[in-house]
Structures are given as C-alpha cells and as structure tokens.
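Student: Structure provided below as structure tokens; questions to follow.
The values are calculated or read from the model by the stated rules, or taken from the named source; none is laboratory data. Owing to the predicted nature of the structure, the values given are computational and were not obtained by experimental measurement. All Cβ positions, glycine included, derive from the backbone under ideal geometry; neighbour counts span all protein chains shown.
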Amino acid sequence: MSTIKEIAEKTKLSVGTVSIVLNGRGDEMRISKKTQQLILEAAQGVGYVPNMSARRLRQSGGRNLPVIATFWPSDLSSDLLGRFFMGAQSSILEQEYAFEMTIQPFKRKHIHRIKEICDSGMYHGVILTGISAEDQRYLEDNPLNVPTVLFNRKSSIYSCVHVDTYEIGRKSAELFALRGHKKVGTIVPDHLVRSENNLRFKGFVESCGKYGLELEERHIQAAPMTMEGGNAAARRIVEGGGELPTAMFFPLGIMAVAALPVFHRANIKIPDAMEILTYGDHDAEKYSVPSLSTVKLPVEEMAAACIRLVMGRILDPSTKPKAVVFETPFIFRESCGGFIQEL
C-alpha cells in the first residue's frame with residue numbers, strides 16, 4: 001500500500017505539503033491548484049488509500065474512538081445482517097465499549113482485496129463473516145495486521161465465535177427420524193453447494209443415511225438465501241412430481257416463510273402432510289402461519305461476543321486468540337413437533 005512519503009518522492013514535494021493536500025486543506029494553506037492537482041493525480045496513480053483511523057483522530061480533536069469494520073459478503077442474507085448489528089450495538093447501548101462501526105461489503109473470492117484494506121490502516125479491528133474455507137486458509141497463511149475475529153468459523157490463528165454446524169445438520173436429521181419420517185428434503189444455500197464450509201448440509205446428509213431417512217436428489221434444491229430463493233426451491237420440489245417428502249429442513253427461516261404459500265396452494269398441509277424445520281430464529285418465523293420450528297442461531301449474542309473479542313485485542317494487543325462456542329437449541333412451534341420416541 002502506497003504512503004505519503006512515496007507520493008512526496010514521486011512529485012518532488014515535501015511530505016508536509018502532500019499531507020496537507022491529501023487531508024483536504026490545500027486551499028486553506030494556500031497551496032496552488034496546480035500543485036494540488038499534481039499531488040491528487042500522483043496519489044490516484046499509485047493507489048493511495050488514506051489512513052482513516054488517523055484522520056478520524058485528527059478531526060475529533062484527539063478523541064480516539066476505535067473503528068471496527070464488519071466485512072459482509074454481498075450474497076449473505078440481509079436478515080442476518082440486521083440481527084448481527086442489533087447484537088453489536090448492544091455493547092454501545094449498555095455502555096460496555098465506545099467505538100465506531102462500519103459495514104464493508106465484499107464479493108466472495110476477493111480475499112486479497114480484504115487484506116489490502118485491513119493492512120492499510122483504515123480500521124483498528126475487523127470482523128469477518130461468511131468467508132470460504134479457501135479464503136480462510138489464505139488469511140491464516142497471510143495474517144492480517146489488525147485484531148481480527150471470525151464470525152461462525154473455527155480458527156486456531158484468529159479469535160472466533162461459532163456454533164457446531166455439523167451437529168445442527170445431524171440433530172435435525174435425528175429429529176425427523178425420531179418423529180417417524182422416512183422421506184425428507186432440504187434446501188442448500190447456492191453459494192455453499194460445493195463448499196468445504198457446508199458442514200450443516202454434510203451433517204444432515206450423512207445423518208439421514210445413518211438414521212435410515214430417504215433423501216432423493218430431486219428433494220435437495222440449491223437456492224439463494226432469500227425469500228425468493230426459498231419460494232422458487234419449494235416450487236421445484238412440488239412441481240418435480242412423485243412422492244413428496246414428509247419433512248423439510250430449510251437453511252434460513254425467511255426461505256421457509258416464503259415457501260409456505262407454495263405448499264398452501266399445492267394443498268400440502270403443514271404440519272399434517274409435511275413438517276418444516278428451519279435454521280435461524282428470526283421474528284418472521286414466530287409469526288408465520290403456521291409458526292415455524294427452528295434450530296436457533298443466536299446471531300445477536302454471537303455478534304456481541306465478536307465485539308468483546310475484537311475490542312479486547314484492540315485494548316490489549318498481547319491478548320491471545322480465543323474461541324467462543326454457542327449452543328443451538330431447538331425451538332418447537334407449530335410446523336414441527338418435538339421428540340416423541342427414541343431411536
């Protein structure tokens with residue numbers, strides 16, 4: 001990443017002059033327009049990115065609030081994003097910490113760009129969400145230069161907050177078996193179809209085999225993690241013909257909410273003809289008709305834990321990386337009952 005000193009050398013001007021212009025004070029300090037233009041063009045040419053942390057400190061008169069960036073993939077559910085920030089803001093509202101927070105969208109497989117941003121000095125700490133196994137390996141081989149926490153990923157290099165995603169899939173299959181189902185189906189997030197991080201799906205598929213549940217290929221549908229994705233996946237299952245599954249596992253609650261009208265129009269009564277289990281526990285799942293049983297992902301509590309971990313590293317850089325693991329309990333509502341027998 002280019003520095004002010006390099007721009008000064010390129011333009012044959014002093015570091016002070018370059019700094020004044022790049023901080024937007026060229027007119028105030030009566031630096032000619034020609035010189036300002038020369039500096040700005042040189043900065044653009046070398047890909048200069050300002051140190052926003054330092055700039056905020058100068059502009060705040062010395063009040064150094066830590067700036068935390070949350071990197072959020074563009075295709076990850078906005079429903080989860082809202083819940084994440086609800087949890088993150090609790091640390092501010094409860095006066096546990098004072099900090100600024102920003103969201104930094106990114107596209108998957110652009111992990112080099114994330115490293116450039118993190119190493120540029122723009123932020124005091126970062127929280128990474130939704131990264132692939134490949135991206136995680138890259139970041140563990142090339143560690144970031146700022147305190148970093150991984151959300152819902154396990155790591156021996158970085159602090160992390162996660163759940164046991166394989167166990168979620170396993171116990172969901174177990175529940176269906178215990179409730180007497182023989183034929184089941186599931187929806188898979190399309191960005192995880194071939195991902196090493198799709199442990200929830202792996203746990204569900206492997207456990208279906210273990211518990212004698214039939215999971216046909218046509219009853220496994222990949223879809224975006226949106227309401228539209230859930231609705232479209234449900235239509236494909238209903239319109240695919242043949243005997244339908246008597247239990248469905250959805251990877252996100254809002255996808256199941258959007259699937260309910262499809263099943264209603266097809267005269268598939270929930271839960272009499274088909275039971276539905278979701279993952280997440282958003283408000284929409286509580287108030288749908290029927291209300292949806294779910295495996296709870298405690299997003300708000302996990303977000304608050306991320307803040308505590310990253311602030312701990314910011315305030316004391318010598319702090320060792322920590323892992324915080326959360327439980328994922330069943331919440332039984334109308335769409336799927338609880339355990340009724342033992343295997």
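Student: Give the residues of the stretch 6-49 that are in a loop (DSSP other than H, G, I, E, B), free of Cβ contacts under 8 Å to residues at least 40 places away in the same chain and not charged (D, E, K, R), sorted by residue number.
Tutor: 13, 14, 23, 24, 26, 29, 31, 32
Student: Return the only residue of 211, 158 being aromatic (Phe, Trp, Tyr) and not assigned by TED's automatic domain parsing to the domain that holds residue 282.
Tutor: Unique residue meeting the criteria: 158.
Student: All but one of (1) touching a Gly at 6+ places or on another chain (Cβ under 9 Å); (2) assigned to a helix (DSSP H, G or I); (3) crowded, with 22+ Cβ neighbours inside 10 Å hold for residue 229; which doesn't?
Tutor: (1)
Student: Restricting the stretch 19-45 to residues that are among the β-branched types (Val, Ile, Thr) and either modelled with pLDDT of 85 or more or in the same structural domain as residue 117 (by TED's automatic domain parsing) (or both), which is surrounded by the fewest Cβ atoms within 10 Å (Cβ to Cβ)?
Tutor: Taking the candidates together, the pick is 35.
Student: Residue 151: aromatic (Phe, Trp, Tyr), closer than 25 Å to residue 328 by Cβ and not assigned by TED's automatic domain parsing to the domain that holds residue 81, yes or no?
Tutor: no
Student: What pairs come out if I take residues in the stretch 100-120 that are in the same structural domain as residue 143 (by TED's automatic domain parsing) and pair them with residues that are among the acidic types (Asp, Glu) whose C-beta lies under 6 Å away, six or more apart or interchain?
Tutor: Once the first residue is in the same structural domain as residue 143 (by TED's automatic domain parsing) and sits in the stretch 100-120, its partners that are among the acidic types (Asp, Glu) give 111/135.
Student: Let me ask you something else. Whether any residue in the stretch 55-75 is farther than 18 Å from residue 126 by Cβ, touching a strand residue (DSSP E or B) at 6+ places or on another chain (Cβ under 9 Å) and either assigned by TED's automatic domain parsing to the domain that holds residue 146 or at pLDDT 90 or above (or both) is what I want to check.
Tutor: Yes, there is a match, as at least one residue in the stretch 55-75 is farther than 18 Å from residue 126 by Cβ, touching a strand residue (DSSP E or B) at 6+ places or on another chain (Cβ under 9 Å) and either assigned by TED's automatic domain parsing to the domain that holds residue 146 or at pLDDT 90 or above (or both).
Student: Do you know which of the residues in the stretch 132-147 that are buried (at least 17 other Cβ atoms within 10 Å of the Cβ) and either closer than 30 Å to residue 294 by Cβ or within 14 Å of the chain's Cα centre (by Cα) (or both) is modelled with the lowest pLDDT?
Tutor: The extreme case among them is 132.
Student: Then there's this: For the stretch 105-195, which fully contained helices (runs of 4 or more DSSP H) count at least 3 residues that are closer than 24 Å to residue 300 by Cα?
Tutor: Hits in the stretch 105-195: 165-178.
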